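**Student:** Handing you this structure, nothing more for now.
The values are calculated or read from the model by the stated rules, or taken from the named source; none is laboratory data. In this text, all values refer to a predicted model and were calculated from it rather than measured experimentally. Using ideal geometry, Cβ is built from the backbone for each residue, glycine included, and neighbour counts are taken over all protein chains shown.
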Amino acid sequence: MDDSPAAPAPGGHDPDASEAAGVDVNVAVTFCATLVDEWVRRGLRHAVVAPGSRSTPMATALAGDERVAVHVVLDERAAAFTALGVGAATGVPAVLLCTSGTAAAEFHAAVVEAHQAAVPMLVITADRPPELQGVWAPQTIDQRELFGGAPRWYCEPGPPTTDGAPWWRDLADDAFDRALGVTPGPVHLNLAFREPLSGPVGDLPPVGERAGATVTPGAPWGVPDEELARLASACAGRRGVIVAGARATVDGADVDALLGLADALGWPVLCDAPSGCRVPRPGVVSSFDPLLRDPVVADALRPDVALRVGGLLSSKVLQQWLTASGAVQVGVDRADRVPDPDRVLARTIPADPATVCRQLLAVGPAPAPSDWRARWEALEVAGRTGIDVSLAGRAEVSEPAVAIDTLAALPDGSSLVVSSSMPVRDVEWYSPPRSGVRVLANRGANGIDGVVSTALGVALATGPTAVLVGDLAFLHDSTALISLRDRDVDLVIVVVDNDGGGIFSFLPQRDHLPDATFEQLFGTPHGTDLVALAAAHGLDAERVASRTGVQAAIAGALTRGGVRVVVAESDRAVNVEVHREINESVARAAGAVLDVTSRGPGAGENAASDEPPPRPLG
C-alpha cells in the first residue's frame, strides 16, 4: 500500500494550479476510463484493488464504472490471489491493481500461479513517470518486466497523452485478447502516471470494431485427420485408461463427451475432483490411489494405453504405475500445458479434450475386452468400501474424513477450494464421486500461499464457497482475514490444525532425522491459536475434535451463511497411521474382489492379451 503523498514531478503540474488554470479533464483518468470501458464491453466484471496513491487514475476509473464490482484488499499478495480466484472460477480475467514500488512485487506469486495454471488475469501496476526513474525517487523501483516470462504480454505505454487517444481501446483489446488466448494467463500493463492523478473524465474515444468481441479460453479445436487416425488406431481394442486432471472439462457437455468416450471404449476414468469428471457415473474411479498402492492390484490393472487429459493429478502412485506399466501415453490439454515431468508421453496434443473425445467417438474405435472396465468398476466398489470401513471406527478427527465430509456437506451449485499439501491429496485419494460442486485448487505451481484469498475470489465471483486448508497455509495467508467479516460472501473456511507441516511426516525425512531436527526443519510447530486469530478479525470460529463435531460445525456454518471458520484438531503422527490403515483396508477389500489368496510372484498377474501391442504414435 502507498501511504505517502505524491510529490509533484519535475516539470509536472500542481493539482491546485491546474484547477485554477481551468483544466477541464484529466488525461490519465480519461485514459483509464477508456481501458475500463473497453474491458467491460469485452466481459470484465470484477476488479481487485490494493489501495495506493499512484494508481489513483485507474482506481477511480474502476470505481466510477457501476458495471464493475470493485473489491478492495489491503494486502497486495492477498489481492493478487483474490483476482486469481475470480479468473479461475469464471474463466474471465479480473483487473488486479496496485501502486508503484514493492507493492507490485507482492503480486509475483499469484502471477506465477496464473501463468502455470493458465488462469487469465489483467495485472495493472502503476508506476512513476520516466523523469522519476533512476534518481532514487521514493517508492520507485524498476518495474519493467517485473514478472519475468510469466505474463503472456508485457506493455509499458508510457504516461498517457491526448495524442495517443486513438489507440487506447486497441491497447485494452490487445491486453484482453492475450489474457484469453490459446494459453490463458496473466497480462502485465505497467502504467506510468504524471500528476495530477485525479480530475474530471473527458470524452472517451469512439468504440471500435472489436468492442464486445469474445475470446473463448482454450477455444475448442480438435486434431487433424491424420493425428486422429493414429490416436484411434492406438486405442482400438486396447485395455486403456483415461486420466483426467484440471482443465479436462469446462462444462457439463465436456464431461459428457469425455465419459461418453470412456463408455464407448470400455475404459475407466481415473480423475481428480478439479477435473470436473469425478461424478457418480459408471466407469468413474475415485479410489485409484489406495487401490494402486497394492502391487497385486496394480499388476492386475496394467493398461496398454493411457489418455491423459488436462493437468497432472497429485498421486505419485498413479504416475509411477503408469510409467511402470509400459503403456503408450498420450497427453491432451486445451491450454497447451501438457504436463510430462517423467518424459513418458508418446504424443502431446494441444487441443480441446472434449473436441478430441467427440472426434474419437465419431470414428468409433473398437472397445476394450468386455471384462476390462468391469474389473475396474468392481475394484472401485471395493475401494470405496475399504475407505468407509476404515474411517467408520474412528470418532476423532481424521484428515481424510474431514476432506470427505467437507465435500459431502456442500450444497449443489457451490464451490470448494482445496489447498495444496495434504488437503488436495486427501480429496483426490479418498473423497467419493460428487456432482453439483465445483472443485478448484492452485496446482499450477502447487504452492500453499494465497489459498484463503483464492477462495475469497471464487466466492465473490460465483457464490457460496468452502475452502479446505491446512494450518500453515491458513497462517501463510492470514492477511486475507482483514475486513473479511464485512464482505458480502458466504465462505466457510475449514482448517485442519495439526500444528505444523503434516505432509512431511509421510516423507523419508521423518525416519532419517532425529526428532528435534525433523521438528525444527519440517514439522515446524507454530503454536498459534487459530480460533483466537480468526476471532481477532471478528470472524465466527469454533474448534472441533471429533468427526461428528466437524460435520455439525460445517453444516451450521453453511446454514448461517457469511464467513465462518471451523478448526479441526488433528495429530500428525496419528494422521500417518490413519492413512496406512485406510490403504490396508482398501487392499483387503480389493484382494477379495480379485480372489487373491497368495501374495507370491505372479499372483494377480494380468491375463495375457492375444492382441498385438498398440502401434506407436511417433
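**Student:** For the range 375-393, give me the residue count where each residue is out of contact with any helix residue (DSSP H, G or I) (no Cβ under 7 Å at 6 or more places or on another chain) and either touching a residue at least 40 places away in the same chain (Cβ under 8 Å) or assigned to a helix (DSSP H, G or I) (or both).
**Tutor:** Narrowing the range 375-393 to residues out of contact with any helix residue (DSSP H, G or I) (no Cβ under 7 Å at 6 or more places or on another chain): 375-377, 380-381, 384, 388, 392-393.
Cutting the leftovers down to either touching a residue at least 40 places away in the same chain (Cβ under 8 Å) or assigned to a helix (DSSP H, G or I) (or both) gives us 375-377, 380-381, 384, 388, 392.
So the count comes out to 8.
**Student:** Search the range 347-367 for residues that are free of Cβ contacts under 8 Å to residues at least 60 places away in the same chain and within 18 Å of Arg247 (Cα to Cα) and pair each with any residue that is among the charged types (D, E, K, R) and buried (at least 18 other Cβ atoms within 10 Å of the Cβ) when their beta-carbon atoms are under 9 Å apart and the residues are at least 6 apart or on different chains.
**Tutor:** Once the first residue is free of Cβ contacts under 8 Å to residues at least 60 places away in the same chain and within 18 Å of Arg247 (Cα to Cα) and sits in the range 347-367, its partners that are among the charged types (D, E, K, R) and buried (at least 18 other Cβ atoms within 10 Å of the Cβ) give Thr348/Asp333.
**Student:** For the range 472-488, which residues satisfy the criterion of being touching a residue at least 60 places away in the same chain (Cβ under 8 Å) and surrounded by 21 or more Cβ atoms within 10 Å (Cβ to Cβ)?
**Tutor:** Asp477, Ala480, Leu484
**Student:** Then there is this: Look at Gly527 and say whether it is surrounded by fewer than 20 Cβ atoms within 10 Å (Cβ to Cβ), on the phi > 0 side of the Ramachandran plot and either at pLDDT 95 or above or not assigned by TED's automatic domain parsing to the domain that holds Asp497 (or both).
**Tutor:** no
**Student:** Look at Trp136 and say whether it is aromatic (Phe, Trp, Tyr), touching a helix residue (DSSP H, G or I) at 6+ places or on another chain (Cβ under 7 Å) and in the same structural domain as Ala94 (by TED's automatic domain parsing). Full working, then the answer.
**Tutor:** Values: aromatic (Phe, Trp, Tyr): yes; touching a helix residue (DSSP H, G or I) at 6+ places or on another chain (Cβ under 7 Å): no; in the same structural domain as Ala94 (by TED's automatic domain parsing): yes.
Taking the combined requirement at face value, the residue does not satisfy it.
**Student:** Given the residues Arg77, Arg54, Arg41, which is the only one that is in contact with a helix residue (DSSP H, G or I) (Cβ under 8 Å, 6 or more places away or on another chain), outside the structural domain of Ala455 (by TED's automatic domain parsing) and basic (Lys, Arg)?
**Tutor:** Of the residues listed, the single one that is in contact with a helix residue (DSSP H, G or I) (Cβ under 8 Å, 6 or more places away or on another chain), outside the structural domain of Ala455 (by TED's automatic domain parsing) and basic (Lys, Arg) is Arg77.
Residue-wise test of (1) part of a loop (DSSP other than H, G, I, E, B); (2) more than 20 Å from Ala459 (Cα to Cα); (3) within 22 Å of the chain's Cα centre (by Cα).
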site: Val489; (1), (2), (3): yes, no, yes
site: Ile493; (1), (2), (3): no, no, yes
site: Val496; (1), (2), (3): no, yes, yes
site: Asp499; (1), (2), (3): yes, yes, no
site: Phe504; (1), (2), (3): no, yes, no
site: Asp511; (1), (2), (3): no, yes, no
site: Thr517; (1), (2), (3): no, yes, no
site: Leu521; (1), (2), (3): no, yes, no
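**Student:** Those residues that are of a type outside the set (A, V, I, L, M) and not in a helix (DSSP H, G or I), I need them from the range 99-121; list them, please.
**Tutor:** Thr99, Ser100, Gly101, Glu106, Phe107, Pro120
**Student:** On to the next question. For the subset of the range 342-374 comprising residues that are aliphatic (A, V, I, L, M) and part of a helix (DSSP H, G or I), which member is nearest to Val297 (Cα to Cα)?
**Tutor:** Ala374
**Student:** Hey, another quick one. If we scan the range 437-451, do we find a residue that is farther than 25 Å from Arg77 by Cα and at pLDDT 95 or above? Give the derivation first.
**Tutor:** Start the filter on the range 437-451 by keeping residues that are farther than 25 Å from Arg77 by Cα, which leaves 437.
Checking the rest, the ones that are also at pLDDT 95 or above come to 437.
Scanning the range 437-451, I find at least one residue that is farther than 25 Å from Arg77 by Cα and at pLDDT 95 or above, so the answer is yes.
**Student:** If I go through the range 277-293 residue by residue, how many of them are buried (at least 24 other Cβ atoms within 10 Å of the Cβ) and part of a loop (DSSP other than H, G, I, E, B)?
**Tutor:** 4
**Student:** Those residues that are surrounded by 18 or more Cβ atoms within 10 Å (Cβ to Cβ) and either among the aromatic types (Phe, Trp, Tyr) or in contact with a His (Cβ under 6 Å, 6 or more places away or on another chain) (or both), I need them from the range 505-524; list them, please.
**Tutor:** Listed by number, the list holds a single entry, Phe518.
**Student:** Now for a separate question. Whether any residue in the range 254-264 is surrounded by fewer than 24 Cβ atoms within 10 Å (Cβ to Cβ) and in a loop (DSSP other than H, G, I, E, B) is what I want to check.
**Tutor:** The answer is no; no qualifying residue exists.
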